[in-house]
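Enquirer: Take a look at the following structure, please.
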Amino acid sequence: MEFDVSFSVYDITVPVMVHGLNVMDDYLDHAQALERIRGIEPGRILGERLATDMLTFGEQFSVSCNKVYAHMAKLMQRDVPAPHNVAMMYPALKARLLDTRDFLQNVRPDEIVRAQSRTYELTPPIVRGWFGGDDYIRHLLLPDFFFHISIAHAILRHLGAKIGKRDYLGNLSQQSGGDYS
């Protein structure tokens, strides 16, 4: 039996990133809970990192949101907005996540239709060059987005938070992939 399964650029970016931002929002809650349980100074976890040359836990959130705006601007053929500076405080980071989710939820499928067929110029710090849309979406946009979620997850685990794969996968429903055990 053969199935013709195809996904639009919208299908593999917007709802996927909204779901990921929801996971990140949960991670902020986990961090605050860990601070309370362990008697850690409020906000201290936001400054934690896995290695000295990596972004802090809090920066994972602000950078991820900035990249959502930048990647979507490219797909929508708009100017990439300047990065938004966010105070490294839980309420500010939660507000930035909410703002970014709202932005994504207002992207219309027709605004990024055929984005996979265009060419995108990438500049340092990660890579320099021109990339086809398929490669840009599959090999940079999505992995870049998930990198920041996984690093936030790893920082929390490293600090002793009781989170696991279920937390990383987020709230799965029939609409988002089904229930799992």
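The values are calculated or read from the model by the stated rules, or taken from the named source; none is laboratory data. Computed from a predicted model, the values in this text were never measured in an experiment. Using ideal geometry, Cβ is built from the backbone for each residue, glycine included, and neighbour counts are taken over all protein chains shown.
Enquirer: Being part of a loop (DSSP other than H, G, I, E, B) and either at positive phi or of a type in the set (Lys, Arg) (or both) is the filter here; which residues of segment 158-172 pass it?
Expert: The answer is Gly160, Lys162, Gly170.
Enquirer: Here's a follow-up. Go through the residues of segment 126-133 one by one and say whether even a single one is closer than 16 Å to Leu75 by Cα, assigned to a strand (DSSP E or B) and touching a helix residue (DSSP H, G or I) at 6+ places or on another chain (Cβ under 6 Å).
Expert: No; the residues of segment 126-133 include none that is closer than 16 Å to Leu75 by Cα, assigned to a strand (DSSP E or B) and touching a helix residue (DSSP H, G or I) at 6+ places or on another chain (Cβ under 6 Å).
Enquirer: Which members of segment 80-101 meet the condition of being among the hydrophobic types (A, V, I, L, M, F, W, C) and surrounded by fewer than 17 Cβ atoms within 10 Å (Cβ to Cβ)?
Expert: Scanning segment 80-101 gives Val80, Ala82, Ala87, Met88, Met89, Ala92, Ala95, Leu98.
Enquirer: Would you check which residues across segment 20-67 are free of Cβ contacts under 8 Å to residues at least 12 places away in the same chain, outside any helix (DSSP H, G or I) and among the charged types (D, E, K, R) and list them?
Expert: Once the filter is applied, which keeps residues that are free of Cβ contacts under 8 Å to residues at least 12 places away in the same chain, outside any helix (DSSP H, G or I) and among the charged types (D, E, K, R), segment 20-67 yields Glu41, Asp53.
Enquirer: Across segment 32-67, what is the number of residues that are of a type in the set (Lys, Arg) and touching a helix residue (DSSP H, G or I) at 6+ places or on another chain (Cβ under 8 Å)?
Expert: Number satisfying all stated conditions: 3.
Enquirer: If I ask for residues that are over 22 Å from Asp29 (Cα atoms), assigned to a helix (DSSP H, G or I) and touching a helix residue (DSSP H, G or I) at 6+ places or on another chain (Cβ under 9 Å), which ones from segment 68-78 would you list?
Expert: Selection gives Tyr69, His71, Met72, Lys74, Leu75.
Enquirer: Here are Gln105, Gln174: which of them is polar (S, T, N, Q) and at pLDDT 90 or above?
Expert: Only one candidate passes the filter, namely Gln105.
Enquirer: I'd like the full set of residues that are in contact (Cβ under 8 Å) with a residue 24 or more places away in the chain and not basic (Lys, Arg), limited to segment 114-132.
Expert: Ala115, Gln116, Tyr120
Enquirer: So, one more: Give the residues of segment 79-121 that are closer than 26 Å to Tyr27 by Cβ and among the charged types (D, E, K, R), sorted by residue number.
Expert: Lys94, Arg96, Asp99, Arg101, Asp102 - these are the residues of segment 79-121 that are closer than 26 Å to Tyr27 by Cβ and among the charged types (D, E, K, R).
Enquirer: Would you mention how many residues in segment 102-121 are outside any helix (DSSP H, G or I) and either loosely packed, with under 13 Cβ neighbours inside 10 Å or over 19 Å from the mean Cα position of the chain (by Cα) (or both)?
Expert: So the answer is 8.
Enquirer: Let me ask something additional. Free of Cβ contacts under 8 Å to residues at least 60 places away in the same chain, touching a His at 6+ places or on another chain (Cβ under 9 Å) and closer than 18 Å to Pro15 by Cβ: does that describe Asp99?
Expert: When the stated conditions are applied, Asp99 passes them.
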